[in-house]
Amino acid sequence: MKSSKFLIWLRAARPQTLPAAIVPILVGASLAAHDSLFRWDTTTVALLCALLIQIGTNFANDYYDFIKGSDRPDRIGFERATSAGLVKPKSMLIATYLTMGLAFFAGLYLVWIGGWIILLIGLLSLLFGILYTGGPYPLGYNGLGDLFVFIFFGVIAVMGTYYVNALSWSSLSFWASIPVGALCVNILVVNNLRDVDQDRISGKRTLGVLLGEPALKAEYTLLVIAAYAVPVYLFFNTDFRSLILLPLFLIPLSLILLHTIWKHEDKRVLNKTLERTAGFMILYGLLFSAGILFN
C-alpha cells in the first residue's frame, strides 16, 4: 500500500516534465563555471528550488484542472491523480502549498546570498506557479502559458542561476536562456497539441484552441530552430569556439520529433512525443553545457 501511494504521488509529480527544472540550472551553472565563478552550494539549492517549484506547479495543475472541470473523462493525456480519484482534492491542494513552501524556505539561503532581487524572483516564481492554472485569470487557460514558461523556466531560471553563482548579471546568460526556454515551451506545446480537442470543449483557451493546431506545429518548429540558432550566434559573435556547436549533432533527432508533430494521425502518440521532447531537452542541455564548459 505504501509503495502504491508513493507511485501515485510520483506520477502526480510528472517526472517527464522535470527536465524543465533541471536543464536551466545546468546551463546557468555551466556558464558560471566557464567564468570561474561556480558555487556548489548555491547551484545545489537552486536546483532543489527549481524541482520543488516544478512539482508544486504540477500539483497545482492537477488540483485546479480538476476543480475547473478540464480533466474530462475522454482525456488522452497522462492520468491525473485528482480526477482519477486517487488523491482527494484537499490533499492535492495541501501538497501544492507544502511543496511551494519548501521551495520558499530552501530559497531563503539564495536570498541570503543574492539579496532582494532573488527574493523577488522567488516570490514571483511561486506566485505564477499557482496562477498558471489557479486564480481568477489562470495563465494556462488564457493563452499565456507559453510566455510564462519561456520567461520563468528559461530566461529567469538560467540568468538567476548564473546570478546566485557570480553575484552579477551576464548578457551571455540571457542568450543561453533562449534555447532552454524554447525547449521548455515545446514540452507544453506537445501537451496542448495533444489536448486541443478536450481543451476546446472545456473552455481552456490555450494557443492551440485560440490559433489552431497548425499554429502549434509551427510554434514547435520555430522553437527548435531558435534552439539551434543560438549556438551558431554565439560561435560567430562571441569568444566561444566550435564546441559550442555540439547541440547541432541532435538535428537528426529533432527531425524525427518534427515529423511526428506534423504528420501524426492519432493524438495518443503525442504522449510518447512529450516524453521524447523532454528527453531531447536533456540531451540538448548536456551538449550545450559541455560546449560552454570546455570552451
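Does Val190 meet the test of being assigned to a helix (DSSP H, G or I), of a type in the set (Val, Ile, Thr) and closer than 29 Å to Tyr137 by Cβ? Before you say what the answer is, go through the steps one by one.
On the way: assigned to a helix (DSSP H, G or I): yes; of a type in the set (Val, Ile, Thr): yes; closer than 29 Å to Tyr137 by Cβ: yes.
When the stated conditions are applied, Val190 passes them.
Does Leu123 satisfy being over 26 Å from Gly279 (Cα atoms), in a helix (DSSP H, G or I) and out of contact with any Leu (no Cβ under 7 Å at 6 or more places or on another chain)?
Considered against the rule, which asks whether it is over 26 Å from Gly279 (Cα atoms), in a helix (DSSP H, G or I) and out of contact with any Leu (no Cβ under 7 Å at 6 or more places or on another chain), Leu123 comes out as yes.
Looking at Leu210, Leu223 in this structure, which one is within 22 Å of Val155 (Cβ to Cβ) and touching a residue at least 24 places away in the same chain (Cβ under 8 Å)?
Of the residues listed, the single one that is within 22 Å of Val155 (Cβ to Cβ) and touching a residue at least 24 places away in the same chain (Cβ under 8 Å) is Leu223.
Quick one: which of Phe240, Phe249 is under 21 Å from Ser30 (Cβ atoms) and surrounded by 16 or more Cβ atoms within 10 Å (Cβ to Cβ)?
Phe240
For Arg205, are the conditions met, namely being farther than 23 Å from Ile53 by Cα, touching a residue at least 60 places away in the same chain (Cβ under 8 Å) and in contact with a strand residue (DSSP E or B) (Cβ under 6 Å, 6 or more places away or on another chain)? Steps first, answer last, please.
Working: farther than 23 Å from Ile53 by Cα: yes; touching a residue at least 60 places away in the same chain (Cβ under 8 Å): yes; in contact with a strand residue (DSSP E or B) (Cβ under 6 Å, 6 or more places away or on another chain): yes.
Judged against the criteria, Arg205 is a match.
Bear in mind these aren't lab numbers, they're just calculated from the coordinates by the rules spelled out. Fair warning: this is a prediction, and the values are worked out from it, not measured in the lab. In this analysis, Cβ positions are derived from the backbone assuming ideal geometry, glycine residues included, and neighbour counts consider all displayed protein chains.
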